[in-house]
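The values are calculated or read from the model by the stated rules, or taken from the named source; none is laboratory data. Quantities reported herein were computed from a predicted structural model and do not represent experimental measurements. All Cβ positions, even for glycine, are placed from backbone atoms using ideal geometry, and neighbour counts span all protein chains on display. To get the accessible areas, we keep the full protein, side chains included, count just its heavy atoms, and leave off ligands, DNA and RNA. Shrake-Rupley method; radii C 1.70, N 1.55, O 1.52, S 1.80 Å.
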2 protein chains.
Amino acid sequence: MPNGVEEGMEAEGGDHREISVAEFFEKNKHLLGFENAQKSIITVVKEAVDNSLDACEQDDILPEVHVIIDEYDDEKCRVEIRDNAIGLDRETIPKVFGKLLYGSKFHKLQQSRGQQGIGISASAMYAQLTTGEPVTVYSKQEGEPCHKFVVRIDTEKNEPEILEDEIIEPESDEFPGDKDYFFDHGTTIEMNIEAKYTRGHHSVRNYLKHTAIMNPYARVVLKEPDGNKIEYPRVSKELPEKPKEIKPHLHGVELGVVLRMVDNSNARTVSSFLQKEFTRVGRTSAEQVCEEAEIESGRRPNTLDKDEVEDLLKAAENVKLQSPPTDCLSPIGEDLMEKGLTKELNPEFTETITRKPTVYKGNPFQVEVGLAWGGDIEDEGSFEELRYANKVPLLYKKSACVTTKAIENVSWNRYNISQTGNRPQGPLYISIHIASVWVPFTSEGKEAVANYDPIRKEMKLALQEAGRKLGKYLKRKERREIQEKKKRQLTSYAKEMAPAIAALADEGNEAEMEDKIQQLVQNDYNPEQL
Amino acid sequence: MPNGVEEGMEAEGGDHREISVAEFFEKNKHLLGFENAQKSIITVVKEAVDNSLDACEQDDILPEVHVIIDEYDDEKCRVEIRDNAIGLDRETIPKVFGKLLYGSKFHKLQQSRGQQGIGISASAMYAQLTTGEPVTVYSKQEGEPCHKFVVRIDTEKNEPEILEDEIIEPESDEFPGDKDYFFDHGTTIEMNIEAKYTRGHHSVRNYLKHTAIMNPYARVVLKEPDGNKIEYPRVSKELPEKPKEIKPHLHGVELGVVLRMVDNSNARTVSSFLQKEFTRVGRTSAEQVCEEAEIESGRRPNTLDKDEVEDLLKAAENVKLQSPPTDCLSPIGEDLMEKGLTKELNPEFTETITRKPTVYKGNPFQVEVGLAWGGDIEDEGSFEELRYANKVPLLYKKSACVTTKAIENVSWNRYNISQTGNRPQGPLYISIHIASVWVPFTSEGKEAVANYDPIRKEMKLALQEAGRKLGKYLKRKERREIQEKKKRQLTSYAKEMAPAIAALADEGNEAEMEDKIQQLVQNDYNPEQL
């Protein structure tokens, strides 16, 4: 018997069992942003507001989002988020809020705030875990009745359990109740959670302020526990272009995924399979790929074995294909970004850059950068960073985020901006936005973006471009200030200069006199040299 | 009609669908450690070796683990990991390797390397995604036939798909085939993955070396792609005390979890429910909790409503309960840790500290620290860090890890160790181990431990304790070196001193003479003062 084996040992199998994804994330709730009472309330608001904005944009509705927070007990809050989106149909409601890994965005290659189908149901799970309370959802579609659901999650099964399911009258006391607003369509979620409502950088208020900057076409209203009401007004009635769904690109897709696509496709030939299931593959490129792979293009796709599919993918690498289309992206754009920064920060100078779309690992993405300087922005020593992914503010894990690395890669002192180490100093806000069909977050909590080379490079280029403009502005400003100073000096020396100028005037040489004064103002002339 | 609504919009519900947890992690494979070809091979080896060591210890088997890696194509490797554990029963095999969130450790409060039921099946998923190949598993229990399974994951369902299921003869060509070892019981997994086999800090070799240090009772053999064979020998036949499973503690359990326990319990009274389901609750404390909560202790648990359960939990906070038992933990211990450090690093000085167990958020944990200095350890400027969680080496995300924060919290220069910033310098290895029933990792990839106050505090205390010892050693060493230096000086001045000593000798005053010499050696005497 081998070393150390005791008799009567049992097989390992006995204790094995399935773990529901809800159990998994309940125990690992810190991975989703539910680390503590302060952060959890931001996470809940974030997940709900993200969903609301996504839903509004999806149907070209100018978003109207209300966040109402009440403290009802020690470290317990009632949180309500209401939107004017299109509303959910009756069958969908319980699953959206009562089942993890359920949603409409995961399987689409299209830019959206949510991408996982976890956020809002995990918030409901957190509510249930910390206060024992189910969530209440109202949802109404235009011209339809309003559905009220009270739902909890059966954590062991990851399935919703419906406690109430009724139709209510929008005009009744229950809806909108004591609310000072009313929408003809939209969704409202109410939940009770363990929470600590705070101010400062890590706060619901700051989260919504950052949201307002990047979504200036939304109207967001926050009612704080002390009754204080803050409105982030809409400053633009223009919605960004709606992103379109795209197919995967042959360069950047994984073998295992293609094997599955081959099995599921109803295309009749390999050629039509390639054209139908992938973006940027026309008849000619499809034939080229097949030829390069030495595979008959007219074969049925499901007759391909693993090696042949691998050959196809390798062959595709040698065939020139256009980059994926970028209408799957919806950047905010330079104008709107400037409007957002201006309305919330009121700076003296703003520069915004939207880069052209590009691709990482087959995924289209696009970077936008805004710099805001001076004005109401106070010089607190270091700059402030506004990080966004698909228009969603990122408040945590700054040091792990690609945005921070990109900022540190720029030589700011080239642009007349002083640096401490490799970080710029002064009354400066740096806003960086990555829009992508799939943002590579470093965790489910979506707090930081992975430091991928192509992404960091794009960010650096955008920062440099905006930095140059800010640098020019600061240079001009500095020159103006020097001139102003000289003008003041000139005035104070006026008496001494008066005779010389008078002499020129006496000579009737007014042109020369004015030149002299102009020279004094512009150049390094010392008035005493006159 | 409200602002911006277009006609003919459709409900949001249409596109919603379920996302399988396998699809989720396939798309988010970077969260599990499958970021790139270099890291992925380490992750695969890590997950398999962790499972092997857990399985061996579970049944008091001295672990024997073989890792065999072959390159079979450009950036493609065949990886095989074999252990001498107890083996899996036939029914369990396909699910362990072909289904995510399936395992024996998640639902237990007991220290183990694995805790999520994701690692090894995610490795199989990664294999399938990158090479299209299923995994092959051999598992044999003592006195039973050897089962061979070829399994793939149906990603859309997260269920195993069995391609082969047969019994093979251990003596046949197929098993052990061209292998130079044979076990009577154990499990072997073989998979083909996209991989880049490298050397250096982030490598399979370094991972196994670190593993060997913390698991000196294991024998680990690595065969590298170039045929090079490295053995990490067993230096102890003593297994650490096996951890025991515990029940949750009333201080630190969440309301939602207790509500579920109330529903599932077959206890007849609230009092017996508290005693049965929680650790450290005896009859007296159970009655006390009920009394404090003003709840009749003889009631049936399932008659309790949410508010009453909440009252019970609040009441429990005011009742003194013993800390959870700590036999759920299995630290490696000071002796074994020293053996591990010594065999792999061969330092001139080693100090190891195992702290007493303590508790964070209701979870028992224990910290161990080892310092190794000099000898074969080269002074590369900065120290080297060995980070462990439940005996598993952590190679990535150092800067985000509580261990790094703890090291930076110690004033190393107090212990005769020079610092750059707040990091110690010199020929130094710092090994830190946290053992816990639930390690709070910052991601599923289990790469860094969250910076929780009680954990950091324990680590700091352990580092200080070991640091003091190292400091004393360095002080003694320095003193000895100064003395040696003086002795040498003394010798070189011997001629000059000779007459003075000779005079004393002439006087026959040998005692005084020896004193003189001793003084010279020990004190700050300058030989010229003689």
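Assorted remarks:
- Residue that is surrounded by the most Cβ atoms within 10 Å (Cβ to Cβ) [pool: residues in region B:395-438 that are more than 14 Å from chain A (Cβ to nearest Cβ), hydroxyl-bearing (S, T, Y) and part of a helix (DSSP H, G or I)]: B:T403
- Entry remark, region B:241-272: residues being away from every other protein chain (no Cβ under 12 Å), more than 18 Å from B:L109 (Cα to Cα) and either assigned to a helix (DSSP H, G or I) or open to solvent by 20 Å² or more (accessible area, probe 1.4 Å) (or both) number 6 in total.
- Filtered residue count, region B:168-192, keeping only those that are modelled with pLDDT of 95 or more and over 25 Å from the mean Cα position of the chain (by Cα): 1
- Every test in (1) in contact with a helix residue (DSSP H, G or I) (Cβ under 8 Å, 6 or more places away or on another chain); (2) at pLDDT 95 or above; (3) open to solvent by 10 Å² or more (accessible area, probe 1.4 Å) is passed by B:G370 save one, and that test is (3).
- Residue count for region B:98-118, restricted to those that are open to solvent by 10 Å² or more (accessible area, probe 1.4 Å), more than 7 Å from every other protein chain (Cβ to nearest Cβ) and within 18 Å of B:K157 (Cα to Cα): 0.
- Of A:Q128, A:Q141, all but one fail to be touching a Gly at 6+ places or on another chain (Cβ under 7 Å) and either over 26 Å from A:E245 (Cα atoms) or among the charged types (D, E, K, R) (or both); the exception is A:Q128.
- Across region A:119-146, the number of residues qualifying as part of a strand (DSSP E or B), within 11 Å of another protein chain (Cβ to nearest Cβ) and either touching a helix residue (DSSP H, G or I) at 6+ places or on another chain (Cβ under 8 Å) or not basic (K, R) (or both) comes to 1.
- Single residue of B:S52, B:S104, B:S40, B:S112 found to be closer than 20 Å to B:G132 by Cβ and of a type in the set (S, T, N, Q): B:S40
- Of all the listed residues (B:E465, B:E478, B:E380), the sole one being closer than 25 Å to B:L329 by Cβ, more than 18 Å from the chain's Cα centre (by Cα) and outside any strand (DSSP E or B) is B:E465.
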